[in-house]
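See below for the structure under consideration.
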Amino acid sequence: MPGIEEITDELYGLPPEEFTASRARFEKEAKAAGDRDAAARIHALAKPTVTAWLANQLARDHRDELKPLLELGAGLRDATRNLAGDQLRALSRQRNELVHALVQQARQLARAADRSVSEDVARALADTLQAALADEAAATLLLAGRLTDALHSSEFGTGFGDAADAGNVIPISRKQSAGRREAEEQQRRLVEQQRRLVEQDLRSAQRALADATAQFNDAQTRAADADQAAAAAHERLEELRQQLENASNSASEAQDRLDRL
């Protein structure tokens, strides 16, 4: 059976309609293998929305096309911090072009899979890409290719404004503090989730070690008992051999007496 990371990657690469059945299959295999922790973790994996599925496919199959977008996000954040209005306007136009191109790329992916993309889904995907542009935490989530729902710019500190108001940019410390707090909270939840998964793995390993230690001690006890039984059997064999030799001598003496008589 593959590991939990391989299973997670496979599940979030599947079309949404295949997710539930495949998750149930992997969960059943984990239970059959006696790995209850893995079964519980597989069961907890949430089915992705269509928007999340499209974003995951972009992260998996078009990663090289996503990188310029995320690099652009760093430039936008830097321009905002430095209040570079002209640079921000140019980068904002480039941002809109890249987001539009990636949404169109996602539409092509959907058509190749015989799926249609509604305007609501397209807007949610664009918002997800904007969120990844705005914040490194959102970019990390996107690149992992395991989103279960769309990301929203309002949940992350955007770090930059639109081209229309680029000349009147408010410093991040005032305008985006609430968004950054939300982003930090989401990042904290992600770290906490990873910590719980590691703790589950540790507990599983500790239980496996305890079981192996108990089996080893039991085998040692049985081996010691077998050694004692073998020693006792050898001692008894020697006693029987001596008795046989004595009996043989007695029989020989009796035969000699009989012959003399």
Exercise for review: Output yes when any residue across segment 46-60 is aliphatic (A, V, I, L, M), modelled with pLDDT of 90 or more and within 21 Å of Ile4 (Cα to Cα), and no when none is.
Suggested key: yes
Review point. Is there any pair with a first residue in segment 196-214 that is in the same structural domain as Asp37 (by TED's automatic domain parsing) and surrounded by 10 or more Cβ atoms within 10 Å (Cβ to Cβ) and a second that is among the aliphatic types (A, V, I, L, M) and at pLDDT below 80 whose Cβ atoms are under 8 Å apart and which are 6 or more apart or on different chains, and what are they?
Key: none
Check your understanding: Mind checking whether some residue in segment 9-26 is among the β-branched types (Val, Ile, Thr) and within 16 Å of the chain's Cα centre (by Cα)?
Key -> no
Check your understanding: Somewhere in segment 221-231, is a residue among the hydroxyl-bearing types (Ser, Thr, Tyr) and either at pLDDT 80 or above or exposed (fewer than 10 other Cβ atoms within 10 Å of the Cβ) (or both)?
Key -> yes
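The values are calculated or read from the model by the stated rules, or taken from the named source; none is laboratory data. It should be emphasised that the depicted structure is a prediction, and the values quoted were computed from it without experimental measurement. Here the Cβ is made from the backbone with ideal geometry for all residues, glycine too, and neighbour counts use every protein chain on show.
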